[in-house]
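The values are calculated or read from the model by the stated rules, or taken from the named source; none is laboratory data. Values in this document were obtained by computation on a predicted structure and should not be read as measured data. Every residue, glycine as well, gets a Cβ built from its backbone with ideal geometry; the counts of neighbours run over all protein chains shown.
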């Protein structure tokens, strides 16, 4: 249906970083620490010198005040990169599965008729307010960066109200003939009342009307409630990934090239001077309306 390499690219485009740069075939992403996906390396291709490339990544991220992090799935290169990073002291973060569904089949799996939801092409203040209250991390600067990420690609923004106001929201990124589900969030006192299912159905029906053929989403591996909801809707496993993040100095000796560079005056920032900004989750579903329906990213 969709290859793992294509899914990596779709997820990248559905939740784009503010800035990207290449490091010997790898894609390094920076977004002020807002979401892990938008502040991690996507290792598309094998670098000519993997150890040297890792050292360059670490220096680059620390210069941005960020923890070095890699997003690793089946298409990551080189194929032993996960083991290399683990030996270097990188910690495993956020195991996630990627689910895919044909949009023409999803409505047949969901109960009821077309739900009453409000769909627009940009997030209005009420949509943003609920999403940020449920999933936001950080102050006004982080919220502004998150808004820039959200609106960098065409997307649909859905909300559903009850007598207390906006009860649930969701976002569907439109990438060619594919659509990616993100930012599913339900107000805490409104959970368990079918709002997430209504947002899901409404967004996917609108996406089909826009010409999308398939939809993808990310959900953390241990979020069994969310996975059950999406599997009932017709979504099926297509890929997986996790992150490796370095929270302390590398555990293995530096390569000869790095010692030479240091001998010429180059150095990495010390741990004490590193701001250690921690990215928030990447947009992947951390929960549903029974728990908190959080970032679908990444994140």
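Checking the structure you have, find out if any residue of segment 173-181 is farther than 27 Å from residue 6 by Cα, touching a strand residue (DSSP E or B) at 6+ places or on another chain (Cβ under 7 Å) and surrounded by 24 or more Cβ atoms within 10 Å (Cβ to Cβ). I'd like the intermediate steps shown before the answer.
Filtering segment 173-181 for residues farther than 27 Å from residue 6 by Cα gives none.
No, that holds for no residue.
Determine, yes or no, whether residue 137 is within 22 Å of the chain's Cα centre (by Cα), exposed (fewer than 14 other Cβ atoms within 10 Å of the Cβ) and not in a strand (DSSP E or B).
Details: within 22 Å of the chain's Cα centre (by Cα): yes; exposed (fewer than 14 other Cβ atoms within 10 Å of the Cβ): no; not in a strand (DSSP E or B): yes.
Against the criterion (within 22 Å of the chain's Cα centre (by Cα), exposed (fewer than 14 other Cβ atoms within 10 Å of the Cβ) and not in a strand (DSSP E or B)), residue 137 does not qualify.
Any idea which of (1) modelled with pLDDT of 95 or more; (2) outside any strand (DSSP E or B) is the one residue 243 doesn't satisfy?
(2)
Does segment 44-54 contain at least one residue that is over 30 Å from residue 232 (Cα atoms) and under 18 Å from the mean Cα position of the chain (by Cα)?
Taking segment 44-54 as the starting set, the residues that turn out to be over 30 Å from residue 232 (Cα atoms) are 44-54.
Checking the rest, the ones that are also under 18 Å from the mean Cα position of the chain (by Cα) come to 44.
The answer is yes; a qualifying residue exists.
Pairs, please: C-beta under 7 Å, at least 6 apart or cross-chain, first residue crowded, with 16+ Cβ neighbours inside 10 Å and in segment 107-132, second assigned to a loop (DSSP other than H, G, I, E, B) and modelled with pLDDT of 85 or more?
110/233; 130/187
What is the one condition in (1) surrounded by fewer than 17 Cβ atoms within 10 Å (Cβ to Cβ); (2) part of a helix (DSSP H, G or I) that residue 192 does not satisfy?
Looking at each condition in turn, residue 192 falls short on (2).
Working only within segment 202-227, note down all residues that are modelled with pLDDT of 90 or more, over 17 Å from residue 174 (Cβ atoms) and assigned to a helix (DSSP H, G or I).
224, 227
Yes/no matrix, rows are residues, columns are (1) farther than 19 Å from residue 241 by Cα; (2) surrounded by fewer than 21 Cβ atoms within 10 Å (Cβ to Cβ); (3) in contact with a helix residue (DSSP H, G or I) (Cβ under 6 Å, 6 or more places away or on another chain):
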site: 8; (1), (2), (3): no, no, no
site: 20; (1), (2), (3): yes, yes, no
site: 27; (1), (2), (3): no, yes, no
site: 32; (1), (2), (3): yes, no, yes
site: 46; (1), (2), (3): no, yes, no
site: 60; (1), (2), (3): yes, yes, no
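Collect the residues in segment 144-170 that are touching a helix residue (DSSP H, G or I) at 6+ places or on another chain (Cβ under 7 Å) and either buried (at least 20 other Cβ atoms within 10 Å of the Cβ) or under 24 Å from residue 103 (Cα atoms) (or both), keeping them in residue-number order.
Once the filter is applied, which keeps residues that are touching a helix residue (DSSP H, G or I) at 6+ places or on another chain (Cβ under 7 Å) and either buried (at least 20 other Cβ atoms within 10 Å of the Cβ) or under 24 Å from residue 103 (Cα atoms) (or both), segment 144-170 yields 149, 153, 156, 157, 158, 159, 160, 166, 167, 168, 169, 170.
Which of the residues spanning segment 218-238 are touching a helix residue (DSSP H, G or I) at 6+ places or on another chain (Cβ under 6 Å) and surrounded by 21 or more Cβ atoms within 10 Å (Cβ to Cβ)?
Listed by number, the residues that qualify are 219, 233.
Quick one: count up the residues across segment 157-172 that are touching a strand residue (DSSP E or B) at 6+ places or on another chain (Cβ under 7 Å) and within 15 Å of residue 116 (Cβ to Cβ). Before you say what the answer is, go through the steps one by one.
Quick first cut of segment 157-172, residues touching a strand residue (DSSP E or B) at 6+ places or on another chain (Cβ under 7 Å) only: 157-161, 166-172.
Next, from what is left, pick out any that are within 15 Å of residue 116 (Cβ to Cβ): 158-161, 166-170.
Counting residues in segment 157-172 that are touching a strand residue (DSSP E or B) at 6+ places or on another chain (Cβ under 7 Å) and within 15 Å of residue 116 (Cβ to Cβ) gives 9.
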